[in-house]
Every structure is written in structure tokens, then in C-alpha cells.
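The values are calculated or read from the model by the stated rules, or taken from the named source; none is laboratory data. Treat the numbers as computed from the prediction; the structure is a model and nothing was measured. All Cβ positions, glycine included, derive from the backbone under ideal geometry; neighbour counts span all protein chains shown.
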Amino acid sequence: MLYFIEQSLNGVQLGMLLFLLAAGLTLIFGIMDLVNLAHGSLYMLGAYFAATFAEATDSFVLGAILALAATFVSGVVLEIIAIRPLYGRNHLDHVLGTFGILIFFNDLVRLIWGPAGMTLSLPSEMLNAVQVIPGVYYPVYRLVIIGVTLAVALLLYVTVMRTRLGMLIRAGASNREMVGALGINIKLLYTLVFGLGAALAGFAGLMQAPILTVQIGMGENILILAFVVIIIGGVGSIRGAFVAAILVGLIDTIGRAFVPDMLRSVLSSDGASTLGPALSSMLIYMLMAGILVFRPEGLFPAANR
Amino acid sequence: MSAWLTPRSVITVGVLAILALLPLYASLSGDQFAMTLFTRIIIMAIAAVSLDLIMGYGGMVSFGHAAYLGIGAYAVGILWKEGAASGFVQWPVAIGAAALFALAVGALSLRTRGVYFIMITLAFAQMIYYAALGMDRYGGDDGMTIRQRSQFGSLIDLDNRTLFYYLCFALLLASIYLVSRLVNSRFGQVIQGARSNERRMRAIGFPVFRYRLVCFTIAGAMCGLAGALLANHTNFVSPAMMFWTRSGDLMVFVVLGGLGTPFGPLIGTATFLLLEEALSRVTEYSGLFLGPGLLLVALYLRGGIDGLIGGARRG
């Protein structure tokens, strides 16, 4: 039971991370109608920036803030140079173009930071485990991730639903010509939204950096998970992304922890150890397939699509 | 000038002539690497031709095509490991397994449109990638070396590199022929009609979903064959060959050569793989050039190389 609680917390933490990525992807898709495969590259950039700045400033928090700003700027520059001409083109062009950007970033990072990968060490007080409920100890840093991401999610919600910028974002999603006709600088809005998405992805990357190694291609696996989240949640819906991210995080983590044992009680131990890892990593895709059968548009389809 | 002497036909014939004569060059110069590289190009071109059938002619932007390549290759690898080295067993199983998976993926994903379709095919391919990653018996993450090529008795010896090359070449020509016959048949006209205007095709009374599903399955089967060839070529299978970026590579081959053209996938595959090889000799960071190149192709070269060489005549 205690193990289950610990794994659930891990699942929520993964879900939070997926939400950060999926929210940016779904915003960019919902507003600019752009399929962005380079989103994982921004996640990777965030992690590399954080590792570099934290080393230079000797402070994790300062490094993280600088990295966040740097990813935002990278996103804005990327949007102006490479993404802007892709708006209004078909999805195949988006896939190819952003795939090219992904290949470019992988080699650019290798050129700048070398092929070896980096590590980002945490301040010592983050390394401790605290007792969350009697008998369950959990690393402080993972709790920090959950807390901070929840705050970001709330901030994002308030921004999109309660501010003028958010109003423009929502208006841009439902009728971009009209927003442009009303005198709003739609190009600037797009650049800002892309930068925001980039910052969210970079934030996910820098939060994850101390747990995993910072390496080239680190964004490529998690990008697909973020896609699964978007498909389950409904493309273009931030609320859907939030619910689906936690669902996917929980099922993936708990599945990996418990499916092999559950199989062992049904099958021979030999069969279970062969099938277990394969089956548990396929779980979320089966969930996705199941949801698609009943709700092809996802759990929370965005109203206007 | 006679009507067939267009830049396009001259280049196509030239490419085919080079491919046909390559083993001769390789044996004269002793350049075994060229043989390896070109065998790979031909095998990947078969996969690209199959992708072109659904993506170019059918308008189904499948982002998971490397999965069928992997399934075909793993079918050969797993059967070898379990003691069935005969190609008469391995290859039909490779084709059948890929077709079956394509049928399942198609049945689910063809219910959706546009960006959903792209992401769903991508996600299912990634599922197979993880499944292969988890199969410890067959090498897991590290992959598995296949110590014996498919056995065809006295019919053909795949260990003979020249024979294997020509077998792949013949299969490539056969798949190009098959696809061009298919798309010009009534079946293919329905598929192409559904790409241009799905609603109208449905209104005329064609069950578009079923036509597309059949087309999707045929493409999966063809790619499964390419996978079986690839496993025999490299004597190795690993999950990495179906990672989603490999699917992206296949899409690049097709678009670079020219979507919905018979020889475009071959020309695109050859161009990209040769360019990649040439760049990797000059610089360690070939992606710095290939990446922006892809973006430019997506932005400005919509017809691919085929559009470039054929454009002058079409006006």
C-alpha cells in the first residue's frame, strides 16, 4: 500500500511534467494550427540551459530562472525565423519543417555542449525525503515539482481565462481573421504564444533535469507521450490536457510498477518476465486506443473543432 | 522531340541504370561499402514507395510507417531465434504480421482526420517500439544479431551479396509497378478521389473508410517485406529502427522525391541517404545543414525533386 502511494506520487509528478509539455503543444496547435515536433527540442534546450546557468551562477533557482528566460527567447527567435512561414500550410509541411528543426537542434546542442550530456545537481536541502503521511517518505524535490507545476497550471488558467492577453488568445483560437480585423497585432500574438509554449516546455525540461541526465534527444521520447496526452484530452483543450496528463502519468507509472507482478500471479514467472515490461509500457497506448473507439475527438473536445 | 524524352524520364532511366550497374562497379573497384549503402537505399526505397501509396496518393499522412519496417524485421529475427530459418516461413509471416498491425492501426486511426491521424499513427508506432524494447528474449534495448539470413533452399542464396542486391532491386521495381497499377485501377481512383474530396466520394456511394483501410493494409504489408529485407541486409534488428524519428525519415524520403509520383520515393531516398553520407564525411554535424534543408523543402519545394525536374515541361 505504501509502495502504491509512493508510485502514485511518482505518477502525478510525471503527469505534471507531461502537462507542461502538452499545454504548450495544445496552445500552439489550438491557436496557430501548427503541429510542432520541435517542442521536444525546446524541452531539451531548457534542461541544457538550466544545467549551464546553474553551474555558472552556483545557484539552482537562479539558473532555473535564467534558463526559463533563455528558452522563452529561443522560442521567440525560432518562431520569427523558422516557424512563421509555416503558418497556414498543411500539416505535412509542418511535420517536415519542424522535423528539420528538431534535427538541427540535436546537432546544434551537440556542437555547443558536446555529445557527453550533463548533470544538474540540486541544493542539498532538496535531496532529503520528507514524511508525507505516516510511513511514506518522499523526496522533497519531487514534491516541489508537483507544487510548482500546479502553480504554473493555475497561473496559465488565470492568464487564459481572466486576462486581456488570455482573451486575445482565446479569440485568436476561434476566429483569427476577426481578431486581426479588430486591430490586434496577430503576428505578435502568435510569437508570444509560441514563446509561452517554448517557456513551458523549457520549464518542464529544467525541472526534470536534476532527475534524469541532460542529454541529446531527451525530448524525443517524452514528446510522443505529450502527443498521447493531447489525443486523449482533446486537441486544443488545456483542461483536457491537464486531466489526460495526470491520467497518463498515473497509469504509466503504476502500470510499470505493478503489471509485471500481477502477470506473475497469472502466468508462469518466465512468461511474465518476458511479457511484463512490454505490456506495461504499452498500457497508455491501449488506453488511447480505447478512448479513441468511444470518443474519437478525445475526452474534452475543443468546442470549435 | 519525342514525347517520352523529358528531363524526368531521362533522370529516372539514369537512376535505374546506375542502380542496375552498381554491382558491376563494386566488383571492378572492390568498393564493398557502395554495395552496402545502395542495398540499404533500395530497401528503404521500397518502404518509401509503400508510404507514398497511402500518403501521396491516398492523402493519409501516416507518421508511424517505421513500425511496419520493424515488424517485418523482427518477424525474421524472432523466427530465426525460434529455429525457423526458412525464408518461405519468415517472409510471409513478416508481410502478414505487418499487414495485420496495419489493419488494426488503420481501423482505429482512419476514424479520425488531420492532425489526429498524424499523432495516432505516431503513437501506435511508438507502442510497438516500446513493445520491442521490453522483449528481453529478443535483445531488448540492445537489439539482436541474426546469425543466419533467410534460407530459400537451392532457389536463391541471400549470402551472395550481388544476388541479394538484385533481389532487392527486383522487389523495388515490382513494388513501384504494383503501386502504379494499383493507383490507376478503379480502386486507386477511389482512393485518390477520397483524397481530393472525401465528402463527394461518400455521397456518390463509395465506402471510403473501407477503401482506405485496404489501401493502408497493403502499404503496411509492402513495408513489412522491406523490413524482412532490411533484417537480412544488416543481420540485425533493434527497437531503434522503429523509433518515431525513423518514420520521420521515411516521410522525408517521399516528400523530397515527390509525393504521389511513381519514382519519387526512390529518387528521394537515394538523394537523402547519399547526401547524408556525403555530409557525414565532411562534417560531424550534418544535421546543421540537413535540418534547415528540410525546412526549406517543406516551404518551397512542394512537388519535391520530381516537381523540380518535371516542372519545366508542365509549365
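Annotations
- If only residues of segment B:203-260 that are among the β-branched types (V, I, T) and closer than 24 Å to B:L294 by Cβ are counted, the one that is nearest to the chain's Cα centre (by Cα) is B:V254.
- When the criteria are applied in full, A:T191 fails the requirement of being among the β-branched types (V, I, T), over 20 Å from A:F29 (Cβ atoms) and either touching a helix residue (DSSP H, G or I) at 6+ places or on another chain (Cβ under 8 Å) or in a helix (DSSP H, G or I) (or both).
- Some residue of segment B:267-288 being more than 28 Å from B:I78 (Cα to Cα), part of a helix (DSSP H, G or I), at the interface with chain A (Cβ under 10 Å from one of its Cβ atoms) and without any contact (Cβ under 8 Å) to a residue 24 or more places away in the chain: yes
- Members of segment A:193-228 that are of a type in the set (V, I, T) and touching a residue at least 24 places away in the same chain (Cβ under 8 Å): A:V193, A:I211, A:T213, A:V214, A:I216, A:I222, A:V228
- A:L182 meets each of the listed conditions (1) within 19 Å of A:G24 (Cβ to Cβ); (2) modelled with pLDDT of 85 or more apart from (1).
- Taken over segment A:198-232, residues that are within 12 Å of chain B (Cβ to nearest Cβ) and assigned to a helix (DSSP H, G or I) amount to 14.
- Matching option when the condition is touching a strand residue (DSSP E or B) at 6+ places or on another chain (Cβ under 8 Å) and more than 12 Å from chain A (Cβ to nearest Cβ), among B:V89, B:V49, B:V93, B:V76: B:V76
- Test: residue in segment B:147-158 that is among the polar types (S, T, N, Q), at the interface with another protein chain (Cβ under 9 Å from one of its Cβ atoms), in contact (Cβ under 8 Å) with a residue 60 or more places away in the chain and crowded, with 20+ Cβ neighbours inside 10 Å: no
- Residue, surrounded by the most Cβ atoms within 10 Å (Cβ to Cβ), within segment B:105-126, restricted to residues that are facing chain A (nearest Cβ under 7 Å) and in contact (Cβ under 8 Å) with a residue 60 or more places away in the chain: B:Q126
- The selection criterion, being buried (at least 18 other Cβ atoms within 10 Å of the Cβ) and either free of Cβ contacts under 8 Å to residues at least 12 places away in the same chain or within 14 Å of chain A (Cβ to nearest Cβ) (or both), holds for B:A66.
- Test result for B:R281, modelled with pLDDT under 90 and either surrounded by fewer than 24 Cβ atoms within 10 Å (Cβ to Cβ) or out of contact with any helix residue (DSSP H, G or I) (no Cβ under 8 Å at 6 or more places or on another chain) (or both): no
- Scanning segment B:201-232 for residues that are buried (at least 22 other Cβ atoms within 10 Å of the Cβ), touching a Ser or Thr at 6+ places or on another chain (Cβ under 9 Å) and not small (G, A, S) turns up B:F216, B:M222, B:C223, B:L225, B:L229, B:N232.
- Among (1) touching a residue at least 60 places away in the same chain (Cβ under 8 Å); (2) in contact with a Pro (Cβ under 9 Å, 6 or more places away or on another chain); (3) surrounded by 19 or more Cβ atoms within 10 Å (Cβ to Cβ), the one test that A:T119 misses: (3)
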